[in-house]
Every structure is written in C-alpha cells, then in structure tokens.
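Each remark here refers to the structure printed beneath this line.
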Amino acid sequence: MAEDHIEDQFEATSDPAATDPNTDFPLEGCDIFKVSESELAAIADTAPSLHTLCGARVARISRNLVIKKSPLTLPSEAEAMKLVAQKTSIYLPRVYRSFLVYGTGGIYDSTGYIVMSYVDGVCLSQCWEKLLPDERENIIGQVAEIIWQLQYLHIPLPGPIGGGPSNRRWFSAYGSGPFTSVSDFED
C-alpha cells in the first residue's frame, strides 16, 4: 500500500472547490499585506487546491489571489517573475508577496511561498486533445515567442535574480556564488 502513496505524489490533483464560483475563500476581502506569513503558510495548506504535485501546492485564497507553496521554491523565482513581467510582453501573474519558512526539511530546509494573482482559464493538459490543429499551432507559436523573449532578456549578473548563491541542478545543494561578474562565474 505504500507504493500507492508514492504513485499518488506523481499525479496532479486539484479540488473542484478552487474553481467553484460559490466557494468562500479564506482571505476574500482581506488586505494581503496585513496577513502574517504564518497565517499565509497555514492557509496554503487548507485553502482549495488548484494544483498539487510532488510537494508543490497552488491554493486559491481569494477570488483574485493564489498562493504557491513548495520546498523547491526560492525567493529568486518570485524575483524572476517580476523581472519577466517588467521587461517582456509575456503575461505572468502579478506577484504580491514571497517569503521562506525555515526548518521545514527538504534540500534547502525551507518552504517557499509566493502570493500572486489568480488567472482564470483551462489548463492545456485538460483541453489539448480537443483543440483544432490551427488552435494548437497558435499556442505553439505563442510558446515560441515566449522562449524567444526569454532568450533575449538581458540579466546584468549571473546567478539568481535578486542575488544570493546559485543552487539546483548545475550547482551543489549548498550553492555557489554570488557572482560579481560573468568572468567570476566562469572562473
């Protein structure tokens, strides 16, 4: 039976209440900047889930806001979202807040949270098979344009947006840097 639990973590799930217009969301009408980080972290576990997969959870906390929670989310993710929104025409959710809670285990011994705007829509994984060929081509073209814009986005220093050490696949779990220049990074 433990094998069933392991398989479940690799299958995306969602709560239908997250998209139900009759749902009472926990922070409806609240000023998101006045809610404490500990309250947000608790609500991220209990609010209706739009998407849960492999330890990451995106929960709807109001009609207009969601919170992402993941042990692999770092502050640089929120900073990268802000930068891309400012420097490109790529549409991204607006980031309102981001923070880390330490001592939660995992590779970084932290859990990251990002509060962002809710974007209504249907996930491509749910509708791709039903799309007409020209609709698929249109989406493929949009993705190609997004990739092109990201490739030509100038980042002044190597490493995470907002500074700090570089982590993940190409670096140790403990990080490398921060780097002061491209030559510093290459060395």
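Got at least one residue in region 79-97 being over 28 Å from residue 144 (Cα atoms) and either touching a residue at least 12 places away in the same chain (Cβ under 8 Å) or in contact with a Ser or Thr (Cβ under 6 Å, 6 or more places away or on another chain) (or both)?
There is at least one residue in region 79-97 that is over 28 Å from residue 144 (Cα atoms) and either touching a residue at least 12 places away in the same chain (Cβ under 8 Å) or in contact with a Ser or Thr (Cβ under 6 Å, 6 or more places away or on another chain) (or both).
If residue 38 passes every condition in (1) surrounded by 13 or more Cβ atoms within 10 Å (Cβ to Cβ); (2) of a type outside the set (Val, Ile, Thr); (3) more than 15 Å from the chain's Cα centre (by Cα) but one, which one does it miss?
(1)
Give region 1-35 a look and list any residue that's within 21 Å of residue 123 (Cα to Cα), surrounded by fewer than 16 Cβ atoms within 10 Å (Cβ to Cβ), touching a Leu at 6+ places or on another chain (Cβ under 9 Å) and modelled with pLDDT of 90 or more, or say none.
19
When only residues in region 122-152 that are part of a loop (DSSP other than H, G, I, E, B) and at pLDDT below 90 count, which is farthest from the chain's Cα centre (by Cα)?
122
The values are calculated or read from the model by the stated rules, or taken from the named source; none is laboratory data. In this text, all values refer to a predicted model and were calculated from it rather than measured experimentally. All Cβ positions, glycine included, derive from the backbone under ideal geometry; neighbour counts span all protein chains shown.
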